[in-house]
Amino acid sequence: MRDLRSLNGTYFDGVRVDDALLSDGSEIQVGKFRLTFYPSRRDVAANAEI
């Protein structure tokens, strides 16, 4: 995830960041909104070890 110089900033697990690599359950805050990241099943399957 990348913050494109937003006025209020983007927070990743409570720390203001310019960019961050998200993993399952990561919390990001954009302005007054708090979001939890969950990868799609397609993303998980593509990265699964065989």
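The values are calculated or read from the model by the stated rules, or taken from the named source; none is laboratory data. Since the structure is predicted, the reported quantities are computational estimates derived from the model, not experimental observations. Backbone-built Cβ (ideal geometry, glycine too); neighbour counts: all protein chains shown.
Listed conditions (1) of a type in the set (D, E, K, R); (2) modelled with pLDDT of 85 or more; (3) surrounded by fewer than 10 Cβ atoms within 10 Å (Cβ to Cβ) are all met by GLU49, apart from (2). If the condition is being in a loop (DSSP other than H, G, I, E, B) and out of contact with any Phe, Trp or Tyr (no Cβ under 7 Å at 6 or more places or on another chain), then the range 15-24 contributes ASP18, LEU21, SER23.
Of the residues making up the range 25-37, those that are surrounded by 10 or more Cβ atoms within 10 Å (Cβ to Cβ) and more than 9 Å from the chain's Cα centre (by Cα) are VAL30, GLY31, ARG34.
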